[in-house]
Amino acid sequence: MPAPAHEQDERLLIEAAQADPRRFAALYDLHFERVYAYVARRVGNRAEAEDVTSEVFHQALASLPRFEWRGAPFAAWLYRIAANAIADRWQRTVRERGNPVANEPAATDPSLDELEQRARLFRLVDSLPTDQQRVVRMRFVEEKSIREIAQALGRSEGAVKQLQFRALESLRARMSESHG
């Protein structure tokens, strides 16, 4: 069974970036929002999230020649780099402050399967109609209220609720299709 088109496209982007590091920008653009959101949820500080996200993409670019396509989404590899960068930063903080128990983050390190499922979900969100994508991102990534989204989009709250409902129904159906 051939790989889905988006997977083929991503693989081509990876191979192009491996051949010419200047082509990494396409991968960066494709994955920046997801990686930043992942990091921001875990570090809780915007400046630190920006630093860690920058570090993730710097490490990814440096390690790209050794990246091997194994069928898992490229985003899963980036999330693993991000999880390690967050853990390293936490360990440095603990060493500097000397209080490991009080500063220990919750054990929420997602498994590779969870990361792959999140990456699949992000791809599915990207396939939604533009208005539904915007509502989903504003509601669940930016954590805005229905009222805030309605104001930002110039729509009624009812219209935003309907867009959110349709998007979630579509995502549920597509996720269940991909799980057989």
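If each residue's Cβ is checked for other Cβ atoms within 10 Å, how do Trp77, Trp90 rank with the fewest at the top? Mind showing how you got there, number by number?
Values: Trp77 22, Trp90 16.
If I rank by nearby Cβ atoms, fewest first, I get Trp90, Trp77.
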Handout entry: Likely footprinting exposure, Tyr36, Tyr28, Tyr79, fewest C-beta neighbours within 10 Å first
Key = Tyr28, Tyr36, Tyr79
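Name the GluC sites (Glu not before Pro) in the stretch 1-87 that are in a loop by DSSP and that have at most 13 other C-beta atoms within 10 Å, would you?
For GluC sites (Glu not before Pro) across the stretch 1-87 that sit outside H, G, I, E and B with at most 13 neighbouring Cβ atoms in 10 Å, the list reads Glu68.
What per residue convex hull volume, in Å³, comes out for the stretch 128-180 when only alpha-carbon positions are used? Can you show the working numbers first?
Numbers: hull volume 3.4 nm³, N = 53.
Looking at the stretch 128-180, the number lands at 64 Å³ per residue.
Starting with the fewest neighbours, write out Ile146, Ile86 ranked by other beta-carbon atoms found within 10 Å of each beta-carbon. Display every interim value, and only then the final one.
Numbers: Ile146 17, Ile86 21.
So the ranking, lowest neighbour count to highest, is Ile146, Ile86.
Just in the stretch 142-180: which GluC sites (Glu not before Pro) are loop by DSSP and have at most 15 other Cβ atoms within 10 Å?
Details: sites: Glu142, Glu143, Glu148, Glu157, Glu169, Glu177; in loops: Glu142, Glu143.
Answer in residue order: Glu142, Glu143.
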Problem - the stretch 132-180 and the stretch 1-71: distance between their alpha carbon centers, rounded to Å - result: 25 Å
Completion exercise
To the nearest 0.05, the calculated FRET efficiency linking Glu48 and Glu15 through their beta-carbon distance, R0 being 30 Å, is 0.35
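Give the calculated FRET efficiency between Arg95 and Leu61 to the nearest 0.05, with a Förster radius of 45 Å applied to their Cβ-Cβ distance.
Details: r = 27 Å, r/R0 = 0.60.
Computed FRET efficiency for Arg95 and Leu61 comes out at 0.95.
Bear in mind these aren't lab numbers, they're just calculated from the coordinates by the rules spelled out. Quick caveat: nothing in here was measured; it's all calculated off a predicted structure. Glycine also receives a Cβ, built like all others from the backbone with ideal geometry; neighbour counts cover every protein chain displayed.
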